[in-house]
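Only the coordinates and a few stated rules stand behind these numbers; no lab work does. Source: prediction; values computed, not measured. Glycine gets a Cβ as well: all are built from the backbone with ideal geometry, and neighbour counts include every protein chain shown.
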Amino acid sequence: MNFNSKPATLNANQKTVYEFLADFNNFEKLMPDQVTNWKSDKESCSFTIQGMADLTLKFTLKESFHTIKVEPEGKSPISFDLLLNLKINDLDEQKTTGTIEINANLSPMMAMLAKRPLENLVEVMSEKLNGVFS
């Protein structure tokens with residue numbers, strides 16, 4: 001099951017946005033309020049989603065200035081990856097268009113439970129990313 005954010009137009013060039021996203025220390029600024037106990041270094045992070053799960057994430061792909069892929073490390077209640085896609089804005093090359101996508105392997109029962117929170121996550125992250133670069 002895929003969950004995609006609406007494209008966000010960010011007031012920074014592609015390299016600046018990529019470098020921000022390529023460091024997990026910056027991800028806390030993008031998380032919804034339900035995320036607590038945040039710990040991070042440049043390459044990984046761990047946190048608690050209130051009432052749901054503890055997660056550890058790591059980068060599994062970094063394509064300079066274009067794509068970042070994040071996956072859970074260790075025990076996770078669901079199998080998923082998170083993709084951050086960046087491209088130069090069509091109207092202004094000093095701006096970046098960014099999208100966030102979650103690809104989750106969910107059973108029908110888990111899909112019913114997780115659909116709304118995952119949709120919310122990609123939209124909140126997109127909005128907060130837009131706020132960082134406004």
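Identify, among Asn26, Leu10, Ser76, the residue whose Cα sits farthest towards the positive end of the charge dipole of the chain, taking +1 on the Cβ of Lys and Arg and -1 on the Cβ of Asp and Glu, with the dipole about the Cα centre.
Projecting each Cα onto the dipole axis, the largest value belongs to Ser76.
Using the beta-carbon distance between Asn4 and Thr56 and R0 = 25 Å, what value does 1/(1 + (r/R0)^6) give for FRET efficiency, to the nearest 0.05? Spell out each step's value before the answer.
Details: r = 24 Å, r/R0 = 0.96.
According to the calculation, E is roughly 0.55.
Quick one: 3J(HN,Hα) in Hz for segment 114-122, Karplus 6.51/-1.76/1.60 with θ = phi - 60°, rounded, Gly and Pro as x.
9, 4, 4, x, 6, 4, 5, 4, 5
Which value, in debye to the nearest 20, gives the size of the charge dipole of segment 68-134 about its Cα centre, when Lys and Arg are +1 and Asp and Glu are -1 at the Cβ? Write down the numbers at each step before the final one.
Details: 7 positive and 10 negative charges, 51 e Å.
Its charge dipole is roughly 240 debye.
Within segment 30-134, list the trypsin sites (Lys or Arg not before Pro) lying in a DSSP loop whose Cβ has at most 10 other Cβ atoms in a 10 Å radius. Present the calculation step by step, with values, prior to reporting the outcome.
On the way: sites: Lys39, Lys42, Lys58, Lys62, Lys69, Lys75, Lys87, Lys95, Lys115, Lys128; in loops: Lys42, Lys75, Lys95.
Sites meeting the loop and neighbour criteria: Lys75.
What number, in percent, do you get for the relative contact order of the chain if the mean sequence gap of Cα pairs under 8 Å and at least 6 apart is divided by its residue count?
On the way: 269 pairs, mean separation 45.1, N = 134.
That works out to 34 percent.
Over all directions, what mean area does the Cα convex hull of segment 51-134 project, stated in square nanometres? Could you put the intermediate results ahead of the total?
Working: hull surface 26.9 nm².
Taking the Cα atoms of segment 51-134, their convex hull projects to 6.7 nm² on average.
Return the subset of Lys42/Lys95; Lys87/Lys115; Lys6/Lys95 for which the Cα-Cα distance in this structure is over 21 Å, preserving the input order.
Values: Lys42/Lys95 24 Å; Lys87/Lys115 27 Å; Lys6/Lys95 16 Å.
Result: Lys42/Lys95; Lys87/Lys115 exceed 21 Å.
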